[in-house]
1. With a sphere of radius 12 Å drawn around the Cβ of Ser70, what net charge do the other residues whose Cβ falls strictly inside it have (Lys, Arg +1; Asp, Glu -1)?
2. Please give the Cα centre distance for the range 72-144 versus the range 30-69, rounded to the nearest Å.
3. So for the chain, taking the charge dipole from beta-carbon charges (+1 Lys/Arg, -1 Asp/Glu), which of Leu105, Ala55, Ser38 sits furthest toward the positive end?
4. Once a ≥ b ≥ c are taken as the square roots of the eigenvalues of the Cα gyration tensor of the range 38-142, is the result rounded (a/c under 1.5), prolate (a/b larger than b/c) or oblate (a/b not larger than b/c)?
5. In whole percent, what relative contact order does the chain give with Cα contacts below 8 Å and a gap of six or more residues?
6. Nothing charged except the Cβ atoms of Lys and Arg (+1) and of Asp and Glu (-1): what's the magnitude of the dipole of the chain about its Cα centre? Round to the nearest 20 debye.
7. Leaving out same-chain residues fewer than 8 places away, which lysines sit with a Cα under 30 Å from that of Lys91?
8. Expressed as an acute angle from 0 to 90° and rounded to the nearest 10, what is the orientation of the C-alpha long axis of helix 127-143 relative to the principal long axis of the chain?
Amino acid sequence: MEMVAPAGPMYQAGTLSGNPLAMTAGIKTLEILDRPGSYEHLDRITSRLVDGILAAAKEAGHAITGGHISGMFGFFFCEGPINNYEQASEKADTAKFARFHRAMLEEGVYLAPSQFEAGFTGLAHTEEDIDFTIAAAKRAFARI
């Protein structure tokens, strides 16, 4: 910590940096994630979510590719695979993603507003939440 200003030469700032409440929440989050089955739950629900969204898109005739690792996911409106940013920026249909994003908002589901951002599930998400989101995606894909 002696490298960080004001004691050291490296400046660091952030909205909640060092905030006691934020630090307490972070520590509690790590404790919860350390509980048995936490990461398995994230992997299971995220896999269901991504598989459901990809299947719904393909069923509606949309080119899509995507994947996940644990609770982090993403997808692109194009044929896959996508292995890096260059491929994504060249191939992905960002206009279609924007229409999908808007349609999902209308269905009550908030996704990251850019397909270049990751989405995340959390331990609070239930199987019912995943079912709701997949059903919303089916309706959204039918409209875009």
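The values are calculated or read from the model by the stated rules, or taken from the named source; none is laboratory data. Note that the structure is a prediction, hence the values are computed from the model and not measured. Here the Cβ is made from the backbone with ideal geometry for all residues, glycine too, and neighbour counts use every protein chain on show. Just the protein is used for accessible areas: all its heavy atoms, side chains included, with ligands, DNA and RNA removed. Shrake-Rupley method; radii C 1.70, N 1.55, O 1.52, S 1.80 Å.
1. In short, -1.
2. Taking the Cα centre of the range 30-69 as reference, the centre of the range 72-144 is 11 Å away.
3. Leu105
4. oblate
5. It rounds to 22 percent for the chain.
6. So the magnitude is around 380 debye.
7. Answer for Lys91, where 30 Å is the Cα cut-off: Lys58, Lys138, listed by chain and number.
8. The helix 127-143 is inclined about 50 degrees to the chain.
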